[in-house]
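Colleague: Next up is a structure, given as structure tokens.
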Amino acid sequence: MDYLGEFEQIVMLAILRLGEKAYGMAIRKEIKDVAGRPASIGAVYTTMERLEDKGLLSSMVGESTEERAGRAKKYFRITASGEVALKQALRSTAAMKAGLDPVWG
């Protein structure tokens, strides 16, 4: 079982939220808009590459577009192993938080 750090979890959750539209800049924007956390595009791509190396994400290159000067977007999705790892990480966080509601509300 792979341990997931906080930023890895946030990146994976952003990918889930975006579905088929999950590519670097959209993921970065989703993290900023939803989590309220600024993230450099370099940090996002480094994290996604690490998760892909672990087999928790997969990627595919889309078609090139004029708006991107002929460059193609690289889309990411969570693998079955990634889903298992993310669910376990979120369960662990929830278990650690349980009982703290009177303090942390």
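Colleague: Give, in whole angstrom and from largest to smallest, the semi-axes √(5λ) of the equivalent ellipsoid of segment 1-93, with λ running over the eigenvalues of the Cα gyration tensor. Mind showing how you got there, number by number?
Modeller: On the way: eigenvalues 105, 44, 22 Å².
Each semi-axis is the square root of five times an eigenvalue, giving 23, 15, 11 Å.
Colleague: A follow-up question, please. Which residue, ALA39, ALA14, ALA94, has the most motion in a Gaussian network model of the chain that connects Cα atoms within less than 10 Å?
Modeller: ALA94
Colleague: For a Förster distance of 30 Å, can you work out the FRET efficiency between the beta-carbons of LYS32 and SER59, rounded to the nearest 0.05? All intermediate terms of the calculation are to be shown ahead of the outcome.
Modeller: Values: r = 21 Å, r/R0 = 0.71.
Once the sixth-power term is evaluated, E becomes 0.90.
Colleague: Let me ask you something else. Multiplying the sequence separation of TYR3 and GLU49 by 0.36 nm and subtracting their Cα-Cα distance, what value in nm do you get? Don't skip to the end; give the middle numbers.
Modeller: On the way: separation 46, 0.36 × 46 = 16.56 nm, distance 1.56 nm.
Between TYR3 and GLU49, full extension yields an extra 15.0 nm.
Colleague: What does the charge add up to near LYS21, with Lys and Arg as +1, Asp and Glu as -1, over the other residues with Cβ less than 10 Å from its Cβ? Please report the intermediate quantities before stating the final value.
Modeller: Numbers: positive: ARG17, LYS73; negative: GLU20, GLU30.
My count for the surroundings of LYS21 gives 0.
Colleague: Given the DSSP H assignment, sum -39500 (n - 2.57) over each helix run of at least 4 residues in the chain and divide by its residue total; what's the result at 222 nm in deg cm²/dmol, nearest 500?
Modeller: Values: 5 runs with 55 residues, N = 105.
Counting only the DSSP helices, I get -16000 deg cm²/dmol.
Colleague: So for the pair LEU100, ARG17, with labels modelled 7 Å out along Cα→Cβ, what separation do we get in nm?
Modeller: Between LEU100 and ARG17, the label points sit 2.1 nm apart.
Colleague: Can you work out the Karplus-derived ³J(HN,Hα) for every residue in segment 4-10? Use 6.51 cos²θ - 1.76 cosθ + 1.60 with θ = phi - 60°, whole Hz, and x for glycine or proline.
Modeller: Each residue's phi maps through the Karplus curve to give 10, x, 4, 5, 4, 4, 5 Hz.
Just so you know, all these numbers are worked out from the coordinates, no wet-lab data involved. Source: prediction; values computed, not measured. Neighbour counts run over all protein chains shown; Cβ positions are idealised from the backbone, glycine included.
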